[in-house]
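Written below as structure tokens is the structure these notes are about.
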Amino acid sequence: MMKDKLVNNAKNIDKFLLNFLNKQENSLLVPPMKYGVISGGKKIRSTIIFDTGKLLNVKKKKLLRLCAAVECIHSYSLIHDDLPCMDDDSFRRGKLSAHKKFGEATAVLAGNSLLTLAFEIIADKKYLLPPKQKNEIINLLANCSGHTGIAGGQELDLKFENKKKIFNQILNMQRKKTGKLFNFCLQATAIVANKSKKEKKLLGVIGEEIGLLFQLADDFLDVKGSKKLVGKPIKKDKKKGKSTLINLLGYKKAFTYAEKLKKKILLKLIKHGKNTKDLTDTINFIIERNF
């Protein structure tokens, strides 16, 4: 059931992105952009957006562009993370990483183009949202993608390699690197739903915690997953001296922390109201995923 939901959501996002790119002026960067963003990964962030839409009674059609923008941002960050100057990874999503397929320079430019495409998708006049809501979404997306979000988190991740960092430093890094984009998923959906400032902020915090849970699950997979499941080589974090909660606390204590975090998130959702089943199912899948 969960697998079907993810596959169906991914197909819808891929279809939108293909149509959007095909209607634009063609360039040499379109093939590597498509390679990086389409037909790869489970697009869990998009599913989180749709699940939050169900929670807030927002139709999927109004959220499709949010999903497409998030996948562009996420894919840009992965393309850049894989570069030799950063994590130097040769495989991503079960295939060659973009720089191995197209060369480093093209990978950098394709990543940059996906980053800017995300904002174009939201700003497009065909996205029929009030200008105030669009501006708020664009501002939030910039905040979650730049030096206060993904990019800043990646910088900390690189700087923390082979260094002893305390618990809160690691959490702060992972909240920026992964949590901020999940923050966007919930908060941007609340913006579309025209919710109060208080509710938007509350959902953003829950999103950030879901993102942290996702990062922890990713770290667990690096230790005990398989290359086939993960789609890239495993056991890399220890080799590279990455600062993770597993390396700080040990696998068992880190997993206990993740379980407590999951319960905390689910409790907040229960207090939030009805229609939480889809989001709850996805959160459970994040920490238990085996496909």
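The values are calculated or read from the model by the stated rules, or taken from the named source; none is laboratory data. These numbers were taken from a predicted model, which means no experiment stands behind them. For neighbour counting, all protein chains shown are included, and Cβ atoms are generated from backbone atoms with ideal geometry for every residue, glycine included.
Could you please find all residues in the range 14-57 being closer than 27 Å to A105 by Cα, in contact with a Ser or Thr (Cβ under 7 Å, 6 or more places away or on another chain) and β-branched (V, I, T)?
Listed by number, the list holds a single entry, V37.
Give the range 1-41 a look and list any residue that's farther than 23 Å from L279 by Cβ and in a loop (DSSP other than H, G, I, E, B), or say none. Walk me through it before giving the result.
To start, the set of residues in the range 1-41 that are farther than 23 Å from L279 by Cβ comprises 15, 17-40.
Within the range 1-41, K23, Q24, E25, N26, S27, L28, L29, I38, S39, G40 meet the criteria.
Here are some conditions: (1) closer than 28 Å to D82 by Cβ; (2) surrounded by fewer than 19 Cβ atoms within 10 Å (Cβ to Cβ); (3) modelled with pLDDT of 95 or more; (4) basic (K, R). K195 meets all but one. Which one does it not meet?
(1)
With the structure loaded, tell me whether Q133 is in contact (Cβ under 8 Å) with a residue 40 or more places away in the chain and either in contact with a Ser or Thr (Cβ under 8 Å, 6 or more places away or on another chain) or charged (D, E, K, R) (or both) or whether it fails that test. Lay out the reasoning, then the answer.
Working: in contact (Cβ under 8 Å) with a residue 40 or more places away in the chain: yes; either in contact with a Ser or Thr (Cβ under 8 Å, 6 or more places away or on another chain) or charged (D, E, K, R) (or both): no.
No.
Please list, ordered by first then second residue, the pairs with beta carbon atoms under 6 Å, 6 or more apart or interchain, first in the range 149-166 and closer than 25 Å to F184 by Cα and in contact (Cβ under 8 Å) with a residue 60 or more places away in the chain, second basic (K, R) and crowded, with 18+ Cβ neighbours inside 10 Å.
Pairs that qualify, where the first residue is closer than 25 Å to F184 by Cα and in contact (Cβ under 8 Å) with a residue 60 or more places away in the chain and the partner is basic (K, R) and crowded, with 18+ Cβ neighbours inside 10 Å, are Q154/K177; D157/K177.
Against the definition (without any contact (Cβ under 8 Å) to a residue 40 or more places away in the chain, among the charged types (D, E, K, R), buried (at least 17 other Cβ atoms within 10 Å of the Cβ) and part of a helix (DSSP H, G or I)), how does K100 come out, yes or no?
Criteria not met by K100.
Right, A188: at pLDDT 95 or above, crowded, with 17+ Cβ neighbours inside 10 Å, among the small types (G, A, S) and assigned to a helix (DSSP H, G or I) or not?
Working: at pLDDT 95 or above: yes; crowded, with 17+ Cβ neighbours inside 10 Å: yes; among the small types (G, A, S): yes; assigned to a helix (DSSP H, G or I): yes.
Answer is yes for this residue.
Check the range 159-169 and report whether any residue there is under 17 Å from the mean Cα position of the chain (by Cα) and at pLDDT 95 or above. Walk me through it before giving the result.
Here is the first cut: in the range 159-169, the residues under 17 Å from the mean Cα position of the chain (by Cα) are none.
Checked against the condition, which is being under 17 Å from the mean Cα position of the chain (by Cα) and at pLDDT 95 or above, the range 159-169 yields no hits at all.
Go through the range 110-137 and report how many residues are of a type in the set (G, A, S) and either at pLDDT below 95 or closer than 19 Å to I49 by Cβ (or both).
Initial filter on the range 110-137 (of a type in the set (G, A, S)): 110-111, 113, 118, 123.
Those left that are additionally either at pLDDT below 95 or closer than 19 Å to I49 by Cβ (or both): 118, 123.
Residues that pass the stated criteria total 2.
Could you list, in sequence order, the residues of the range 251-274 that are exposed (fewer than 11 other Cβ atoms within 10 Å of the Cβ) and of a type outside the set (A, V, I, L, M)?
If the condition is that a residue be exposed (fewer than 11 other Cβ atoms within 10 Å of the Cβ) and of a type outside the set (A, V, I, L, M), then K252, K260, K263, K271, G273, K274 are the ones that fit.
Of a type outside the set (K, R), outside any helix (DSSP H, G or I) and either modelled with pLDDT under 95 or over 16 Å from the mean Cα position of the chain (by Cα) (or both): is that true of I234 in this structure? Steps first, please.
On the way: of a type outside the set (K, R): yes; outside any helix (DSSP H, G or I): yes; either modelled with pLDDT under 95 or over 16 Å from the mean Cα position of the chain (by Cα) (or both): yes.
Yes: the conditions hold for I234.
If I filter the range 270-280 down to residues being over 20 Å from the mean Cα position of the chain (by Cα) and part of a helix (DSSP H, G or I), which single residue comes out as nearest to I48 (Cα to Cα)?
Per the stated criteria, the residue is K277.
Listed here are the residues, each with its yes/no results for (1) surrounded by fewer than 17 Cβ atoms within 10 Å (Cβ to Cβ); (2) in contact (Cβ under 8 Å) with a residue 24 or more places away in the chain; (3) under 20 Å from A98 (Cβ atoms); (4) over 18 Å from the mean Cα position of the chain (by Cα).
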site	(1), (2), (3), (4)
D4	yes, no, no, yes
V7	yes, no, no, no
K11	yes, no, no, no
K15	yes, no, no, yes
L18	yes, no, yes, yes
K23	yes, no, no, yes
N26	yes, no, yes, yes
V30	yes, no, yes, yes
I38	no, yes, yes, no
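Among the residues of the range 105-123, is there at least one that is outside any helix (DSSP H, G or I) and on the phi < 0 side of the Ramachandran plot? First the steps, then the outcome.
Let us first name the residues in the range 105-123 that are outside any helix (DSSP H, G or I), namely none.
No, there is no match, as no residue in the range 105-123 is outside any helix (DSSP H, G or I) and on the phi < 0 side of the Ramachandran plot.
Return only the number of the condition from (1) touching a strand residue (DSSP E or B) at 6+ places or on another chain (Cβ under 8 Å); (2) of a type outside the set (S, T, N, Q); (3) surrounded by 20 or more Cβ atoms within 10 Å (Cβ to Cβ) that K43 does not satisfy.
With (1) touching a strand residue (DSSP E or B) at 6+ places or on another chain (Cβ under 8 Å); (2) of a type outside the set (S, T, N, Q); (3) surrounded by 20 or more Cβ atoms within 10 Å (Cβ to Cβ) applied to K43, the lone miss is (1).
If I filter the range 65-84 for residues that are out of contact with any Asp or Glu (no Cβ under 7 Å at 6 or more places or on another chain) and not in a helix (DSSP H, G or I), do I get at least one hit? Steps first, answer last, please.
To start, the set of residues in the range 65-84 that are out of contact with any Asp or Glu (no Cβ under 7 Å at 6 or more places or on another chain) comprises 65-80.
Subsequent filtering for residues that are not in a helix (DSSP H, G or I) retains none.
No, the range 65-84 contains no residue that is out of contact with any Asp or Glu (no Cβ under 7 Å at 6 or more places or on another chain) and not in a helix (DSSP H, G or I).
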